[in-house]
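The values are calculated or read from the model by the stated rules, or taken from the named source; none is laboratory data. Remember, it's a predicted structure, so these values are computed and weren't measured experimentally. Here the Cβ positions follow ideal geometry from the backbone for every residue, glycine too, while neighbour counts run over all protein chains shown. For accessibility, only protein heavy atoms count, side chains too; no ligands or nucleic acids. Shrake-Rupley method; radii C 1.70, N 1.55, O 1.52, S 1.80 Å.
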Amino acid sequence: KAGVTQTPRYLIKTRGQQVTLSCSPISGHRSVSWYQQTPGQGLQFLFEYFSETQRNKGNFPGRFSGRQFSNSRSEMNVSTLELGDSALYLCASSLLTENSPLHFGNGTRLTVT
Amino acid sequence: GESVGLHLPTLSVQEGDNSIINCAYSNSASDYFIWYKQESGKGPQFIIDIRSNMDKRQGQRVTVLLNKTVKHLSLQIAATQPGDSAVYFCAEVNSGYSTLTFGKGTMLLVSP
């Protein structure tokens, strides 16, 4: 079974631009969550989607948004990029059952210059 | 909000030693915890999990211990190998099994 797939692996953008990242969950996993990883803040929860609905949201500004499609694939968007948005963005998928851990992709490395 | 934290940022061991990585959590209502390993350039990889109705769980070369009284988790790695070098995170799973609260991570360095 294929794992969580994230594209692209690397992105370089300039301040003020916007970016869209993509995540394909493990087959059968309907919950997709996103995390930002930086050296200073560690791994922080952005938001979680299930059945095309955002159910949980972390403490990030409205420039960070996402969506989920009917096939459970998800995208996240960051608008008006700032230098501090440079980070590794990780996607995880889950079966949402007891004793079912979340599985991560290898992330998208975003650099804002 | 409540968070999960780690005591040691870096742990250096010799190959063959046993390693112990510690983690404190603050939400006494949490009932499911996961340890992840993250290698350079990769996403976190599941190692082992434990529910709050257990105090110990063993995997291949790894053991997780849970002390609910003091809200403490530890990951023990037996006969540590150079391939175990990575950053290790403990994570607290929310009640819906859909989101994680991570600790800051401990870097494990294994010397041959």
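A single member of A:102, A:95 is over 21 Å from residue B:40 (Cα atoms), of a type in the set (A, V, I, L, M) and within 14 Å of chain B (Cβ to nearest Cβ), and it is A:95. Just for segment B:39-60: of the residues that are of a type in the set (A, V, I, L, M, F, W, C) and closer than 28 Å to residue A:39 by Cα, which one is nearest to the other protein chains (Cβ to nearest Cβ)? Checking each candidate, the answer is B:46. Just a yes or no: is a residue in segment A:39-50 aliphatic (A, V, I, L, M) and modelled with pLDDT of 95 or more? Checked against the condition, which is being aliphatic (A, V, I, L, M) and modelled with pLDDT of 95 or more, segment A:39-50 yields at least one hit. When B:25, B:36 are checked against the criterion of being in contact with a Lys or Arg (Cβ under 7 Å, 6 or more places away or on another chain) and of a type in the set (Ser, Thr, Tyr), a single residue qualifies: B:25.
This table checks each residue for (1) in contact with a helix residue (DSSP H, G or I) (Cβ under 8 Å, 6 or more places away or on another chain); (2) closer than 13 Å to residue B:37 by Cα.
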residue: B:51; (1), (2): no, no
residue: B:55; (1), (2): no, no
residue: B:59; (1), (2): no, no
residue: B:88; (1), (2): no, yes
residue: B:94; (1), (2): no, no
residue: B:107; (1), (2): no, yes
residue: B:112; (1), (2): yes, no
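The listed residues are B:11, B:109, and the only one of them that is in a strand (DSSP E or B) and either surrounded by 15 or more Cβ atoms within 10 Å (Cβ to Cβ) or basic (Lys, Arg) (or both) turns out to be B:11. The C-beta contact set for segment A:3-14 (first residue of a type outside the set (A, V, I, L, M, F, W, C), second residue surrounded by fewer than 12 Cβ atoms within 10 Å (Cβ to Cβ) and not in a strand (DSSP E or B), distance under 7 angstrom, 6+ apart or interchain) comprises A:14/A:113.
Within segment B:92-112, residues that are more than 7 Å from every other protein chain (Cβ to nearest Cβ) reach partners that are open to solvent by 40 Å² or more (accessible area, probe 1.4 Å) and in a strand (DSSP E or B) with beta carbons closer than 6 Å, at six or more positions or on different chains, in the pairs B:92/B:101; B:107/B:10; B:109/B:12; B:111/B:14. Inspect segment B:61-80 for any residue being buried (at least 17 other Cβ atoms within 10 Å of the Cβ), within 25 Å of residue A:38 (Cα to Cα), away from chain A (no Cβ under 14 Å) and over 10 Å from the mean Cα position of the chain (by Cα) and give the result as yes or no. Scanning segment B:61-80 turns up no residue that is buried (at least 17 other Cβ atoms within 10 Å of the Cβ), within 25 Å of residue A:38 (Cα to Cα), away from chain A (no Cβ under 14 Å) and over 10 Å from the mean Cα position of the chain (by Cα).
Within the bounds of segment B:23-36, is there any residue that is crowded, with 17+ Cβ neighbours inside 10 Å, in a loop (DSSP other than H, G, I, E, B) and without any contact (Cβ under 8 Å) to a residue 12 or more places away in the chain? No, there is no match, as no residue in segment B:23-36 is crowded, with 17+ Cβ neighbours inside 10 Å, in a loop (DSSP other than H, G, I, E, B) and without any contact (Cβ under 8 Å) to a residue 12 or more places away in the chain. If you filter segment B:81-91 down to residues that are within 14 Å of another protein chain (Cβ to nearest Cβ) and of a type in the set (Gly, Ala, Ser), you find that the one that is farthest from the chain's Cα centre (by Cα) is B:86.
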